[in-house]
Structures are given as structure tokens and as C-alpha cells.
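Below: one structure, written as C-alpha cells.
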Amino acid sequence: MAIIINENNKLFHLQTKNTSYIMQIYKKSYLSHVYWGKKIHSPEGDNLAFQYAGNGSVPRPDLEDKTYTLASLAQEYSAYGTSDYRYPAFQVQHKDGSTICDVRVEGYKIHQGKPEIKDMPSTYVETGDKVETLEIILKDELKSFKVSLYYAVYEDYDVITRWAVLHNEGDDEVKVLRALSTQVDFSDNDYEMLYLNGSWGRERHVVREKVNRNIHMIDSKLGGSGHVYNPFIAVMRPTTDEFKGDVYGFNLVYSGNFIAGTEVEQFGSMRVTMGINPFDFSWLLEAGEAFTTPEAVMVYSSEGLNGMSKCFHKIYRERLCRGQFRDAERPILINNWEATYFDFDHNKLVDIATEASKLGIELFVLDDGWFGNRNDDHRALGDWFVNRNKLPGGIQGVADAINELGMQFGLWVEPEMVNPDSELYREHPDWCIHLEGRSRTEGRHQLILDLSREDVCDYLINILTDVFSSGNIGYVKWDMNRFMTEIGSALLPPDRQREVPHRYILGLYRVMDTLTKKFPHILFEGCASGGGRMDPGILYYMPQFWTSDNTDAIERLYIQYGTSMVYPQSTMGAHVSECPNHQVERTTPLKTRADVAMSANFGYELDATKMTDIEKAEVKEQVEWYKKQRSLIQYGDFYRLVSPFEGEDAAWMIVSQDKKECLVYYYQKLSQANSASKDIKLAGLADDMVYMDYETGSKYYGDQLMNLGVRIPNLKDFGSKIIHFKAE
Ligand code: DGJ
């Protein structure tokens, strides 16, 4: 049983295979937080939550019982205005202007499985899954305002997900000013916070900082989750490392503006919160209406960061990604972007594909530039009709030619955008996000279509249905290359303008949901100037993402290492591109470029017609090797071994589910003359299994590889080595 309730001491105990999450009704009314961590027995006693016991000058909310204050009480979903001075989980403004709520537990329900989260992506349940959901209802009596808190307990996945629904049950409208998805109050602040930070071409670098006695938030105000921060944080003890120690991971299933972080209050307890960014957000609820927050996925592990990542990877692979490609081996692709940019025609594309097909590559992707008058990035986004000068036979002509080579055909689109220099913009200038009278800031010469509008979303569904039906298309790369400015929608009234970014995301999800269901045979890949919107929200619709535009092998070590904190390797697109690299102008060996890319969803991003015969032979071998290991690489368990953020090398490994096989990836950044070879300790193997190194024939017990380690010879600058072990 995942949910155990003790009516005597009003205790709610959520249990997964290895973890416990415990709440209690405090002083007969407040929903308090008691414990989250290793699985334990249900505690006895009343009022167990952490609470400052001193006599500080803090207001006490109860005139009859002055023994407590909300200022430090560990709570589950705090309100503002009745003695808790920390940032609350939610805040609403009532018709009379007041912004105070006082919510107490009204009741609870247990749902078998998991109720649907309306209009939003979320983890799901399949028949046979051990999942129960606890709904706890909080109520503000004065204003007839209710909050339903949901806790879905994925027993076998060691995951709890949380979301909230705010119900306006009064007769007047209410403005939601803040509605976070989760809040967890920890009784002390001896933690570090890890988050993923970056920019275009430098996505998801790992940052780990001490939690100080202050407020420490990461966020996005971009209108998308963004390159700068990912909607993910982990808090852990200072001694926690990749393999051991307590860690608590939080990830938001949302692609828009978010906030996440820690706040330490005056007595030293630490609050973690995550949800939609309340900055410049509000949502009007008419009487009887409700607002649903996105889902937050929460993982506790006592086995360090790798333990946490393993839980995120498994649930995302199996219960977030959907469709026929969820469990399918993903094709090796070649993409023409860095090969041609906008300068191509039918014959050039077919030439590249012809060479690629000889090397065993399975899918050809036609990137930007196939439509309208799109010969550079200044124009034509929105004009989704084929450029017949470049492609006289249309999409069907190219797709057929590629298919004849025995390859699948894939197509790039950037549907959410419009260039002012386009037929679409000239016809519908008010279809973009804008503020009347204010000039429109352009990013990459483009504006964002207003997906908060139903008519714009319907238009996109129709036009994309035509595009996706215009040939035998097996794959679509869905790009998005700028974030929001001058946010406003022509159709919404003034008091709803701050709803635009969230309405946009809901519109986007509707468009993606409709199209991915309409075209189930298409493998969709998300992209946002590389990895600018790589989040669980998108992964619900599209089971893979273009990790970064930066394809340099060394830069990719940081990006893929950081990305793997949360997202499984089956979701990461990783390509070999030509050298000098187009982003950093570095030259690295072809082998190293492939060894990095071959630990995720593999492909090439270069002009295959320009490769030498030696290079072609090498690529052919890489493709053959990857195909043989593909299922292990894409669906095995991933372990980070050596961090590129800490030294001149990096290593990770992938272990098959039955532990009988593994691939160890080792990379050298800059080498040092005359330095000692290294022993790298492996992880995730079976102690007693005997593993053979494929290359040398040497045999080792699993416990030897994990404790003594495997010896790595000295490598030159930008060198790499993959070691393949298989148990007998
Ligand atoms: C940004 C993407 O990340 C690239 O891979 C490429 O598709 C370009 N857009 C095309 O404009």
C-alpha cells in the first residue's frame, strides 16, 4: 500500500519502495510536513512537525494556544498573511482587495492510480502499476476558497509527484497571484543546492552552491523554460556525491516561466519551492472556476546524485514519454543544417543522403530553409509552403528520393514563430505576441505567434497537418528560436494580460498533443535553439530533444553530463559535426566526436559528400558499432563517474538492465606529458558477475571493477576510449 493513514494521530504516510514521505494535521488544522527520506515505520504521537519552540517576537496565530507560530512550522502548502513570513506556496487576491488566506485541512481522498491533470503534460500510469494518489483538501472558510493538494505515489519508481488545484467556491471572482506546484520544509539548512545553468550553446552546466541563510531562487521569465536554468533543482547534504548521501531532486513538468529554490527563515529551517513563476503572473478565477498547477516530480535518494538521476531517468523513459517510439530504438540520423545551412537544393540534399545511406545512416533530416522565401534567417517563418526553386518536386519529391535510398525522411519546422517579412504576418499582424503601440523587439528577426489564442492554435494544427501529410515524413524536428518580449495578446482583456505566458504554454501543449496524436508514426524531436526548452513538459509529447547547437566534443562533455542529472540518454540528441567545429572552432578527432555522441541518440550533422575515404570508413564502423549497442546505449542505466567540471577528464557508463553488459566512456580534455594512468571505479554492476573486456579478453569480477577500478591508459589531447564489458 502506497498510502497509509493513521486516523488517531492524523498522519499521512506515503511510501515508495525505498522512501517515506510523512505529513500530519498539526494542532487539528494545519497540514504540516514531518519527514521525507529513507523508508521508515509510521511514527506515533501528535504534532510531530518541526516547529521553533522559543519565545521570539513572532506572532502566534491561535489566541487560545500560544505555543506555536506558523513562522517556522514545517508546512505542506503555506498561505500568506497569518504569521508565516516566508514566501508562500500560493496567494490569491479576493474581490475586497485582501490577499490573505488561512487554509486548514477539510478532508482527504485516496484515488487508485492517478487522476488526470487537465490540459497539461504529466507522468502517467499503466495497468498494473503500483500507484495511488492522495488528495488533501485545504479550505479558507471565510472566502470559500479551497486547495486540493495531490500526491501521486509511484511505489516501484521511488517517485512522488505533486500538484495543486485552486478552487474558487465563493460567489465573487478571485485573482490567483501565485500557485506553486510543491513546497517542502526541511528542519535545517545544512544543504547544498545543485542546479543546471547556461546559455545558448552552453546548456545545463552543473552548479552546486551552499544553501545560505537567505532566499536563493532560479527562474525563467522568458516565456519558455530556457537555456539559462532548467526547471530542476536538487538539495543535498554537503557530503553527498555522485554515489552516496541524501539528495532530494525536484523537476517541473512545465515548459514556461518557472521558479525554484530555497529559503531559510530566521530560525534556520529551509523551505524548497517550485512552480510557475509568480513574477508578472496572475490568473482570474470566476466563481466556480479552478486553476491547476503543473506537476512537480520529486525524488529522494540515499545513493547520491546517480541514485536520484536513475529514478528520474526511469520514470521519464517509461511513464512520461509516450507513443510508439517510447521504447523503440531511435534511428541514426544525418541532418543537413551545418552541412548546407540555407544553401541547398533537391540534388544537394539527395547527394548527401546518398553518401550517408552508403555508411548505414538511417534517417535524413531536412532542416531550416525548405519553405517560402527562406534563404536566410530574416524572413518566411510562417510561410509553410515549399520553395519550388530549391525543391521542384516538393517535400514529397525529396522524401521519395530519400526513401528510395532505403532511408527515412525527416523535416524541420518552427511553427510557433513568424517573421515580419512573411505572407502570414502581412495577413495577420495581430497574431503575434505584442502590445499595441509599442515597438516589437525581434529576436533572430522573428516574432512569436500568440498561442494564447485559440484561432492561432487551430490555424497551426491545420497548416501543420498539411505539412506533415505532404510526403512520407517519419520524423519532425520542432524548433523554437526566440523568447518573449512585449508580452500581450490582442484578444484578452486588460485584467487577463498577465495570463498570456501560461495561456501560451497551454495552447502549445494543445497543438503538440493534437499533432502528435494525429501523426503517431512520426518521431518528434523538440528543439529550441538547441536545448533551450528541454524539459519534462516537452518530453511528454516528443520523446527526444536536440540537446544543444554546440556539437564540439569537449563542450558536449559538460552539456551531456549536466543534462544527464535529470534526463535519460534516450532523450538527448548528440551528433558528430565537422571540424573545425562551427561553434568554438576546435578540432577534435573524429573518434572522440563519435565516442561522445554515441552515448546518447546518435547522428551526424555534416556534409557526407565532403568526407575523405578514410573518414567514411571510420564513420561506417561507428554506425555499425552503434547499431549493435543501440538498445544498451539508449535504454541502459546511466552512471556519471568522473565530472568534466572538476578536472581534465570525464567518464560515464551505461549498464544493461540485467547488469550483464556495460559500456564505459572515458574522455580526456587536455593531457599532460608523462602523467600516470588512471583507475576509474565503475558503478551499477553485479559484485559476483565476471565481466570480460571485449578488446583485451581480460576478466574481472564486478566488485573489482567497482572498487579497484578499471585502468585507463594515457590519452592525448581530446582523446577518448570506450570499454565494452560483457558478463559470461
Ligand atoms: C536552431 C536549431 O537548434 C538548429 O539545429 C537549426 O535547426 C537552426 N535552428 C535552424 O534555423
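Bear in mind that the values in this text are calculations on the coordinates, not laboratory data. Because the structure is a prediction, the values reported are computed rather than measured. Neighbour counts run over all protein chains shown; Cβ positions are idealised from the backbone, glycine included.
Using a simple charge model, +1 on the beta-carbon of Lys and Arg, -1 on the beta-carbon of Asp and Glu, nothing else, what dipole does the chain show about its Cα centre, in debye to the nearest 20?
Numbers: 78 positive and 106 negative charges, 224 e Å.
In debye, rounded to 20, the chain gives about 1080.
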Q. For the range 321-474, what is the convex hull volume of its Cα atoms per residue in Å³?
A. 128 Å³
Q. Once the other residues with Cβ under 9 Å from the Cβ of Ile332 are scored (Lys, Arg +1; Asp, Glu -1), what is the net sum?
A. +2
**Q.** Using θ = phi - 60° and Karplus 6.51 cos²θ - 1.76 cosθ + 1.60, couplings along the range 257-271 (whole Hz; Gly, Pro as x)
**A.** 5, 9, 9, 7, x, 10, 9, 9, 8, 4, 8, x, 7, 10, 9
Q.
Students often check this: by mean Cβ neighbours within 10 Å, which of 536-542, 697-703, 549-555, 289-295 ranks highest, and how do the rest follow?
A. 536-542, 549-555, 289-295, 697-703
Q) Mind listing which trypsin sites (Lys or Arg not before Pro) in the range 383-461 are in a DSSP loop and have 11 or fewer other Cβ atoms within 10 Å? A) Arg388, Arg438
Q: Using the charge dipole of the range 135-279 (Lys, Arg: +1 at Cβ; Asp, Glu: -1 at Cβ; taken about the Cα centre), state which of Asn251, Leu196, Val184 has its Cα farthest towards the positive end.
A: Leu196
Q. Hey, rough spin-label estimate for Asp188 and His521, points 7 angstrom out along Cα→Cβ, what's it come to in nanometres?
A. 6.1 nm
Q) Highest mean first, what order results for 646-656, 676-686 on Cβ atoms within 10 Å? A) 646-656, 676-686
Q | Mean projection area, nm², convex hull over Cα of the chain | A | 32.7 nm²
Q. Can you sort Asp185, Asp367 by how many other beta carbons sit within 10 Å, fewest first?
A. Asp367, Asp185
Q) When we measure straight from the Cα of Lys139, which lysines land under 16 angstrom away, once same-chain ones fewer than 8 places off are left out? A) Lys27, Lys28, Lys109
Q | Nearby aspartates and glutamates by direct alpha-carbon distance to Lys39 (threshold 15 angstrom, same-chain neighbours under 8 apart not counted) | A | Glu155, Asp156, Asp158, Asp246, Glu303
Q: Please work out how many pairs of lysine residues in the range 142-301 are eight or more positions apart (or on different chains) and have Cα atoms closer than 26 angstrom.
A: 5
**Q.** Expected 222 nm ellipticity per residue - DSSP helices of 4 or more, -39500 (n - 2.57), all of the chain, to 500
**A.** -6000 deg cm²/dmol
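Excluding Leu523 itself, what net charge comes from residues whose Cβ is under 13 Å from its Cβ, given Lys and Arg +1 and Asp and Glu -1? The partial results should precede the final answer.
On the way: positive: Arg322, Arg326, Arg330, Lys477; negative: Asp327, Glu329, Glu362, Glu525.
My count for the surroundings of Leu523 gives 0.
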**Q.** Proximal lysines relative to Lys716, as straight alpha-carbon distance under 17 Å, when same-chain residues fewer than 8 apart are discounted
**A.** Lys591, Lys669, Lys678
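What pairs from Lys130/Lys628; Lys38/Lys628; Lys17/Lys660; Lys628/Lys681; Lys130/Lys477 go past 29 Å between their alpha carbons?
Cα-Cα > 29 Å for Lys130/Lys628; Lys38/Lys628; Lys130/Lys477; rest within.
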Q. What does the convex hull of the alpha-carbon atoms of the range 414-521 project to on average, in nm²?
A. 7.0 nm²
Q. Taking the Cα atoms of the range 482-638, what is the range of coordinates along each of the three principal axes, in descending order and whole Å?
A. 64, 33, 31
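Within a Cβ distance under 11 Å of Thr485, other residues only, what is the Lys/Arg minus Asp/Glu net charge? Before the final figure, lay out the partial values.
Working: positive: Lys221, Arg438, Arg440, Arg482; negative: Glu442, Glu486.
Net local charge, Thr485 excluded: +2.
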Q: Rounded to the nearest Å, what's the spacing between the alpha carbon centres of the range 248-306 and the range 576-646? Just the number, please.
A: 37 Å
Q) Per-residue HN-Hα couplings for the range 212-221, Karplus 6.51 cos²θ - 1.76 cosθ + 1.60 at θ = phi - 60°, whole Hz, x for Gly and Pro? A) 9, 7, 7, 9, 10, 10, 10, 7, 9, 10
**Q.** Exposure proxy order (Cβ contacts within 10 Å, fewest to most) of Tyr567, Tyr154
**A.** Tyr154, Tyr567
